[in-house]
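One structure below.
The values are calculated or read from the model by the stated rules, or taken from the named source; none is laboratory data. Owing to the predicted nature of the structure, the values given are computational and were not obtained by experimental measurement. Note that each Cβ is placed from the backbone with ideal geometry, even for glycine, and that neighbours are counted across all protein chains shown.
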Ligand code: NGQ
Ligand code: ZN
């Protein structure tokens, strides 16, 4: 096994900032050694700026990247999440295996260039446009795995169970035909994908789409089937994103979605509750106590007008969390942190809301927590710069105009809060393999071109 190493004058370890850090990893990309106050052995590569852990992206619908910019106009007197969703479904109807692969490859390259080293892909477009399964039922899942492999990003594939259009087993709409699967067909798909994901070092989980899309019996059976396949496999679900969904759930069951889920499903630390925007104080306490991760998608939640997650309350109960780029209106790990903190500041009229006693620098505190939560939600050992974790690392560019001249510990803050949508990322490694150098991925140009062609074709198909 070849041993690789990197030296950084400043590095963000799980315990905080450290100086003169030497990181080494094995041929499988797993960190074998991290030591502060080290000397750089002759010939060791040196990070061009502060070294931080790669950010796991815990929520992605890859095809939606090609849709960004298409819904930012008023189409009715009051646009909403639901009117956005109608437009999004029209776009989803035109995705092909080839276009999905091109869109996802570019998206994953964008993620790498923007500080994400892995992605949880919440994948629900399974079938051909009229709802007929492809000759190979795993066609679109495999297109996503190929995209991740070409880009070199880590992936947790979460095939989505989607069966109904509303609470009370409301039949699916015609424009949901591509998403629909029986529970048995989902379990066969998972079995089929188990080998493919293992071969790639990827992880495989399950995503019951939402309580409105999965009736109780199917939820139970699917979770049991997944657990039989792998008792540790992650389970992600959209929950309580919109007030309409909360009201419909109450009308159906007498309970709010999070309350219902906690009473009827074995929610524990395998689970990621995506959005969980609308919870009562009791739901915050109960959901946090399960050990599940809150999957917060700040820029998408802002874009869709979802509402604001109460971070102080969640953290007060020891809640774990991570970030996702979801609809990909924005693909930038730093910007998700900025949006999350700014939402809290605006609603509470305070500053540095997510700082902690141990980490008064808010960007540092947020990065460490989001990496931990993202790692848990991904079900992969990607929890930071520590022995046993995968060498997923980002080096900031200390020469970037937003960073140069600042004390090292302020550079991450400047990257998150003061880089004005430019990226101060110089280099990035996934499992010890360098994927970004001087801010760029080696496939940047060709993948961008293929993405634009796929998007134009998708729009023209409408
Ligand atoms: C999704 N997106 O699955 O892409 C959803 C919209 C739905 C967000 N929830 C579809 N942000 O929720 O039914
Ligand atoms: Zn989503």
For strands (runs of 3 or more DSSP E) lying entirely in the range 10-103, having 3 or more residues that are surrounded by 13 or more Cβ atoms within 10 Å (Cβ to Cβ) and within 16 Å of ligand 1 (Cβ to nearest atom) picks out 55-60
Residues of the range 247-295 being under 20 Å from residue 311 (Cβ atoms), touching a residue at least 60 places away in the same chain (Cβ under 8 Å) and more than 16 Å from ligand 1 (Cβ to nearest atom), in sequence order, are 269, 293
Restricting the range 303-322 to residues that are within 22 Å of residue 289 (Cβ to Cβ) and under 17 Å from the mean Cα position of the chain (by Cα), the one nearest to ligand 1 (Cβ to nearest atom) turns out to be 309
Requested in this report: Answer yes or no as to whether residue 294 is within 16 Å of ligand 2 (Cβ to nearest atom), modelled with pLDDT of 95 or more, in a strand (DSSP E or B) and farther than 24 Å from residue 176 by Cα.
Outcome: yes
Within the range 207-234, restricting to residues that are part of a loop (DSSP other than H, G, I, E, B) and more than 16 Å from ligand 2 (Cβ to nearest atom), the one that is farthest from the chain's Cα centre (by Cα) is 215
Picked from the range 331-352 (must be crowded, with 20+ Cβ neighbours inside 10 Å and part of a loop (DSSP other than H, G, I, E, B)), the residue farthest from ligand 2 (Cβ to nearest atom) is 332
Taking the range 235-271 and the residues there that are within 16 Å of ligand 2 (Cβ to nearest atom) and assigned to a loop (DSSP other than H, G, I, E, B), the one that is surrounded by the most Cβ atoms within 10 Å (Cβ to Cβ) would be 240
(message) Within the range 50-57, does at least one residue satisfy the condition of being within 16 Å of ligand 2 (Cβ to nearest atom), modelled with pLDDT of 95 or more and farther than 30 Å from residue 409 by Cβ?
(response) no
The residue from 312, 360 that alone is outside any helix (DSSP H, G or I) and away from ligand 2 (no atom under 16 Å from the Cβ) is 360
**Message:** Looking at the range 272-287, can you tell me whether even one residue there is surrounded by 22 or more Cβ atoms within 10 Å (Cβ to Cβ), within 22 Å of residue 57 (Cβ to Cβ) and more than 16 Å from ligand 2 (Cβ to nearest atom)?
**Reply:** yes
Only unsatisfied item for residue 165, checking (1) within 21 Å of residue 224 (Cα to Cα); (2) in contact (Cβ under 8 Å) with a residue 40 or more places away in the chain, is (1)
Of those in the range 422-440 that are surrounded by fewer than 22 Cβ atoms within 10 Å (Cβ to Cβ) and in contact with a helix residue (DSSP H, G or I) (Cβ under 7 Å, 6 or more places away or on another chain), the residue farthest from residue 91 (Cα to Cα) is 439
